[in-house]
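A short write-up of the structure that comes next.
The values are calculated or read from the model by the stated rules, or taken from the named source; none is laboratory data. Since we're looking at a predicted model, the values are computed, not measured. Note that each Cβ is placed from the backbone with ideal geometry, even for glycine, and that neighbours are counted across all protein chains shown. Please note that ligands, DNA and RNA were not included when accessible areas were found on the heavy atoms of the full protein model with its side chains. Shrake-Rupley method; radii C 1.70, N 1.55, O 1.52, S 1.80 Å.
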Amino acid sequence: MTRIAATGLTRRRLLKSSAAAAFGTLAAPSILRAQSTEIVIGCAGSHTAWMEEIVAPHMKAAIGADILFEGTKSSVNLEKMASNKDRPYLSVVQMDDPVMIQAVEADLLAPITPDAVPNMEDLRPDAVHMDGMWCNYVQPWAGIAYNTDFAPGGVPSWEALWAAENAGQVIIPSLQNTEGMWTLFAAAMLGSGKPFAEAQYEIDAAFAKLEALKPNLLSVYSTMSQAFNLLEQGEITLLSGNFSSYTLPRKAEGVPVDLAAPKEGIFAMPSGICLVKGGPNPELAEAYVNEMLGPDMQAAIADFASSVPANTTVTAGAAIPDGVEIYSPDWAFVAANRRAWIDRFDKLMAL
């Protein structure tokens, strides 16, 4: 365990203490001073607003880090890590759980440990995965985003996506996007007549139901911001699989959108954080992860992004809709089959 000789504090105690932010700026450990203060973080493109507004300034003040964000899809982050495995340039990646499983299988991640990241000890047990290979830092919930001018009564059921009155008024995500899985599982549930926990394995029923959705589709998106713009402008009525961290902040700004929690159930959107194996500035990367899991960042992100914090000491964030089941799928099953599903989806849903 590394000790800071000048103070007699262990690095663990330093990071855990409430004085960590001030210490990181005024008397950073020599290992952080000796290296560049710049680290590159891979994250979701939809997270750019709060990453730039909240995370970057905090990290500069707390640990002296200059953060460069590369916002894209989780699958693209995985490709970046794999193609640069011998000489990684990303230090930390924030991506979804099913892609994390693939990253672990490809030996692209370094484990997160309480010695290096003490704030992980305050996380919910279900937020730490595969012995610390990654942690969840926030958990938005996902349902159906809708334009309130055209659906003032809300969206009571996933069946609304297939309703005749919504012909040409629906956009769904590609299965290349993790949120695309929600529409697939909703189709499986409706097509098989089974609850989500069982229906997720009924993939043939899911694709048969998706084929029946085609008359209602305006398009299938891979870039969410473009699809959401169409929803805001009233060009479409329903945007399937959207999540609280994107829709609810826009609603709070006065945009005519809301997020429905259909009666059949909603989904827990997995937002994970991991250390890239062999990534630059490993000590600074660990400090970044520790801050992301700490109470200050957890509260700020959860409030800004209308998400549920993973840190049990934090009570901020989104309210989970009452009376609706929240489902988390079998991500190992998803990871094992996703490539084949994407190919099948792309052929079936070509418009």
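For the stretch 76-183, the fraction of C-alpha pairs more than 20 angstrom apart is 57%.
Before I look further, what does the stretch 242-351 give for accessible area per residue, probe 1.4 Å, in whole square angstrom? Provide the component values of the computation, followed by the final result.
On the way: 4330 Å² over 110 residues.
With the other protein chains kept in place, the stretch 242-351 gives 39 Å² per residue.
Annotation: per residue accessible area for the stretch 98-219 equals 36 Å², rounded to a whole number [probe 1.4 Å, protein chains only]. In straight-distance terms, cross-link reach from K85 covers every one of the lysines whose alpha-carbon lies under 27 Å from its own, apart from those fewer than eight places away in the same chain; here that gives K73, K277. Overall shape of the stretch 209-351 was characterised from the C-alpha gyration tensor. The equivalent ellipsoid obtained from it has semi-axes of 30, 22, 16 Å, in decreasing order.
Quick one: if you take sqrt(5λ) for each eigenvalue of the C-alpha gyration tensor of the stretch 128-249, what semi-axes come out, biggest first, whole angstrom?
Details: eigenvalues 112, 79, 32 Å².
Result for the stretch 128-249: semi-axes of 24, 20, 13 Å.
Coupling constants for the stretch 134-139 follow from the phi torsions by the Karplus curve (6.51 cos²θ - 1.76 cosθ + 1.60, θ = phi - 60°), and in residue order they are 7, 10, 8, 9, 8, 9 Hz; glycine and proline get x. Taking the 1.4 Å solvent-accessible surface of the chain as the whole, the part contributed by carbon and sulfur is 52%.
At full extension, R87 and S222 could sit 45.8 nm farther apart than now, given 0.36 nm per residue minus the alpha carbon distance.
Cross-link partners of K263 among aspartates and glutamates, defined as those whose alpha carbon lies under 19 angstrom from its own and excluding same-chain residues fewer than eight positions apart: E159, E179, E198, D322, E325. Computed from Cα atoms, the angle from the helix 331-348 axis to the main principal axis of the chain rounds to 50 degrees.
Considering the stretch 273-351 at the alpha-carbon level, its Rg and Dmax are found to be 18.2, 48 Å. The percentage of C-alpha pairs in the chain whose separation is greater than 28 Å is 43%. Distance between the 7 Å Cα→Cβ label points at K60 and E235: 3.5 nm.
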